[in-house]
Amino acid sequence: MNMGIPYELKKCNNLRMKITVKNTCLVFGIALLFTTVSCVKDKKIVDEKPPFDRKVMLENIGNEIIIPNYNTLLTQVQALNLAVDNFTAAPNDINLEECKTAFLNSWKAWQHCSTFEIGPAEQRILRANINSFPTDTNKINNNIRSGSYNLATASNLTAKGFPSIDFLLFHSTLSSDIVLQYTTDEHAEKRKQYLNTLVAEIVDQVTYVNNQWIASGGNYIGTFTTSLGNNAGSSIGMLVNQLNYDYEIIKTNKLGIPLGKKSLGTPYPEKVEAYYCGKSMDLIKENFNAIEALYLGKTSSGTNKTGLDDYLLHLDAKHNSSTLDAAIKEQFVVTRTAIAAVPDPLSSTILNNTTLVNSAYIEIQKAVVLLKADMPSALGVLITYQDNDGD
């Protein structure tokens with residue numbers, strides 16, 4: 001006779017099944033929890049990349065770009081000083097030509113230092129003191145005639161530096177005319193003294209800045225490479241500001257003002273940099289190359305190392321559907337081509353082919369938004385200078 005499963009046994013079996021199901025759910029839940037935690041940890045490992053090494057970038061820019069370029073500039077202005085001494089001691093066509101060559105080499109070397117108006121250069125207001133243009137020829141001639149002047153005053157900023165030497169060496173296309181001003185002219189001795197004084201001041205300024213940068217001198221390189229923030233007074237903050245400031249000098253002072261962008265379309269070709277020697281575009285090219293090299297971290301020997309481009313790539317900064325770095329580099333290529341298309345003397349080209357010069361101006365302007373708005377925003381840097389330009 002089938003008595004069936006006793007009630008107590010059924011109850012016991014049901015209890016075992018419930019316990020088994022609960023235990024299985026518990027094990028599954030714990031496994032799922034650990035899997036989830038593991039996935040989160042794995043995701044964090046993927047997302048958390050190491051911070052960008054700002055020190056490596058600053059060491060490259062300081063030791064491989066800034067200091068070598070100041071060394072080159074110092075070498076060139078010392079050579080210019082020697083050439084001017086030789087010329088003023090014996091004014092003749094040969095010595096004048098050597099003077100002109102040394103001068104142009106120095107002015108080109110300056111274009112590779114102009115961007116670095118920080119630290120020692122900022123203390124000396126180097127850019128204004130040695131490269132304020134257009135030069136004031138009336139003031140230069142008055143200074144020479146009087147023989148009494150103080151080049152340290154603000155009123156003489158446009159009567160000294162490279163632009164004023166440009167006038168003194170190149171104001172006539174005939175070398176014989178220039179030589180006469182240093183030989184038979186009634187103010188010949190005063191003119192020689194003035195030329196020597198202008199060059200000596202540049203040598204003094206550059207020597208000071210160069211010595212302040214190097215480790216065996218003022219060791220500003222030590223300060224520069226250990227200021228790792230991105231605030232206004234940090235090395236990165238100053239570099240980004242000065243890169244933009246110098247770039248806008250190309251856009252506005254070297255091209256825009258002579259082209260008539262600040263005078264309702266009326267051109268002022270005589271306001272170009274290097275008006276007398278006619279090498280304005282050569283200097284713009286050198287200046288542009290220097291700014292691009294700073295961005296790329298390209299050393300004075302031409303090697304690409306850590307620069308601002310690497311910093312933007314690390315941050316994965318975007319511009320439209322591409323990276324910001326790619327957008328900047330692409331615009332640099334287009335701008336370089338546009339600049340190269342403009343022949344010297346720029347003052348003549350402004351009058352004879354305004355469209356060509358304006359095309360270069362437009363391409364230069366396009367990079368301003370990328371460099372002055374997008375890049376600082378990505379790097380967390382505040383642009384602190386005012387240009388009232390409207391970009």
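Figures for the structure shown
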read-out: With all protein chains modelled, accessible area of Leu315 [1.4 Å, Å²]; value: 80
read-out: Whole-number accessible area per residue in Å² for segment 244-284, which is evaluated in the context of all protein chains at 1.4 Å; value: 36
read-out: Angle between the chain longest axis and helix 235-248 axis [Cα atoms, degrees, rounded to 10]; value: 50
read-out: Heavy atoms of Leu228: accessible area, 1.4 Å probe, square angstrom to 10; value: 70
read-out: Order of exposure, largest accessible area first, which applies to Glu286, Glu97 with probe 1.4 Å; value: Glu97, Glu286
read-out: Candidate residues Cys277, Cys99: accessible-area rank, largest first, probe 1.4 Å; value: Cys277, Cys99
read-out: Quarter of the Cα convex hull surface for segment 50-227, i.e. its orientation-mean projected area (nm²); value: 11.1
read-out: Rounded to whole Hz, the Karplus (6.51, -1.76, 1.60) HN-Hα couplings of segment 266-273, x for glycine and proline; value: 7, x, 10, x, 6, 8, 5, 6
read-out: Estimated vicinal HN-Hα couplings, Hz - segment 78-95 in sequence order (Karplus 6.51, -1.76, 1.60; Gly, Pro = x); value: 5, 5, 5, 4, 5, 5, 5, 4, 5, 5, 6, 6, 9, x, 8, 4, 5, 5
read-out: Between helix 7-47 and the chain: long-axis angle, C-alpha atoms, 0 to 90°, nearest 10; value: 10
read-out: 5 angstrom amide H check on Lys298, placed H, neighbours 5+ away; value: Lys305
read-out: Share of alpha-carbon pairs per 10 Å distance bin for segment 260-338, given as whole %; value: 16, 33, 29, 19, 4
read-out: Vicinal HN-Hα couplings computed from phi for segment 309-321 (Karplus, 6.51 cos²θ - 1.76 cosθ + 1.60; Hz; Gly/Pro x); value: 4, 5, 5, 5, 5, 4, 7, 6, 5, 10, 9, 6, 9
read-out: P(r), alpha carbons of segment 229-390 - 10 Å bins starting at zero, rounded %; value: 10, 38, 33, 16, 2
read-out: Helix 354-369 axis, angle to the chain major axis (alpha carbon atoms, nearest 10°); value: 40
read-out: For segment 303-375: accessible area per residue (Å², 1.4 Å); value: 46
read-out: Other-chain or far-sequence residues with amide H under 5 Å of Lys318's (modelled H); value: Leu324
read-out: Accessible area expressed per residue, segment 50-227, with surrounding protein chains retained (probe 1.4 Å, Å²); value: 41
read-out: Cβ-Cβ FRET estimate between Asn231 and Ser348, R0 fixed at 35 Å, reported to 0.05; value: 0.15
read-out: Percent accessible area from carbon and sulfur atoms, the chain, protein chains only, probe 1.4 Å; value: 55
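The values are calculated or read from the model by the stated rules, or taken from the named source; none is laboratory data. Everything numeric in this text was worked out from a predicted model, so none of it was measured. We place every Cβ from the backbone using ideal geometry, glycine too, and count neighbours over all the protein chains shown. Side chains are part of the model used for accessible areas, which takes the heavy atoms of the whole protein and leaves out ligands, DNA and RNA. Shrake-Rupley method; radii C 1.70, N 1.55, O 1.52, S 1.80 Å.
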